[in-house]
Every structure is written in structure tokens, then in C-alpha cells.
Amino acid sequence: MPHGSIVESPEREAQSGRDDLRHILVVDDDPMVCMAIEVYLQRNNFRVTIAEGGEAGLRALEHKQFDLMIIDIFMPHMRGFESIRIFHERAPVIPLIAMSGYAFANLDSPAPDFLRMALELGAARCLRKPFTPHALLAAIDDCLAEPRPRSDIATAVQLG
């Protein structure tokens with residue numbers, strides 16, 4: 001997959017014959033992470049769009065409607081929490097799960113709590129990589145079960 005690409009996964013939708021599946025945007029610069037999440041979510045009856053990197057994710061957000069976003073905190077071309085802040089500003093009604101596998105080489109000094117900071121910037125849930133498929137599904141289920149403001153998601157995205 002070329003850097004910055006967006007890949008829609010129509011296979012599950014075509015197999016099920018339904019277009020009412022929950023649509024999840026996954027934004028990460030690691031193709032292996034994207035593939036693992038995509039396969040697992042498809043097996044659990046979700047429609048998935050993969051965006052490799054922050055810019056591709058923002059493009060996808062402009063052109064499609066999503067029920068949930070899963071965003072990596074640290075990606076090239078987006079400085080740390082910039083991605084969480086921007087995605088939340090562009091689509092404030094869409095729940096956002098932040099994920100990070102960032103670790104410090106120097107364990108002598110206390111590491112900042114990146115996941116807590118992501119929550120302060122608008123993430124609904126956070127996952128520390130590596131996480132289990134069960135933890136991913138639990139976070140998604142929690143986010144989708146929470147009441148959301150009743151507004152047109154497409155309008156909210158366009159206003160951002």
C-alpha cells in the first residue's frame with residue numbers, strides 16, 4: 001500500500017448483502033497493524049476503511065461517513081497529538097479511539113502519559129499497543145453504546 005493511501009474494504013459488505021454495517025476509519029502508518037485490525041473488525045461485522053497516515057485519514061473523513069475512528073497517536077507527518085486534536089475537531093460527534101505503542105528508551109525518567117493526554121484532546125477511549133482483539137472490540141462496543149449528540153454527522157464533518 002503506497003504511503004498516504006486509503007483502502008475501503010467492501011468484501012464484508014458484499015458478502016453480507018447489507019449496507020447497514022458500522023463503518024470504522026482506521027488511521028495508522030503501520031501496514032501490519034492496519035491489516036490485523038481490518039481482518040478482525042471485518043470478522044466482527046464492521047465495514048472498515050484503512051488510511052495509511054494522518055493526511056489520508058483526513059481525506060477519508062471528508063468523503064465518507066464513519067461511526068467510529070481508531071487513530072494512532074504517533075505517525076509521520078503529524079506531530080504527536082496533532083492527529084487526535086485535528087480528527088476530533090473535524091468530526092466531534094464521531095467517537096475516537098486513540099492508540100499508541102510509543103515507548104521511551106530511557107526508563108530512568110518518568111514517561112508522559114500519552115494516552116491520558118489523548119483523552120484530554122477528545123479521544124473517547126485509548127488503547128496501548130500491543131492490545132488484544134478483545135480489548136479492541138470492548139473499546140469499540142463501549143464507544144458505540146454511548147449516547148451521541150443527535151446531529152447530522154456529514155454536516156458536523158463539513159463544518160470542521
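Look at Gly57 and say whether it is more than 22 Å from His134 (Cβ to Cβ) and touching a Gly at 6+ places or on another chain (Cβ under 8 Å). Step through it out loud before you land on a result.
Working: more than 22 Å from His134 (Cβ to Cβ): yes; touching a Gly at 6+ places or on another chain (Cβ under 8 Å): no.
In short, no.
Which residue pairs have Cβ atoms closer than 8 Å, lie 6 or more positions apart in sequence or on different chains, and pair a first residue in segment 37-50 that is under 17 Å from Thr132 (Cβ atoms) and in contact (Cβ under 8 Å) with a residue 60 or more places away in the chain with a second residue that is among the acidic types (Asp, Glu) and open to solvent by less than 40 Å² (accessible area, probe 1.4 Å)?
Ile37/Asp28
The values are calculated or read from the model by the stated rules, or taken from the named source; none is laboratory data. What you see is a predicted model; the values in this text were computed from it and never measured. Every residue, glycine among them, receives a Cβ derived from its backbone with ideal geometry; neighbour counts consider all protein chains shown. Protein only, heavy atoms only, side chains kept; ligands, DNA and RNA dropped before computing areas. Shrake-Rupley method; radii C 1.70, N 1.55, O 1.52, S 1.80 Å.
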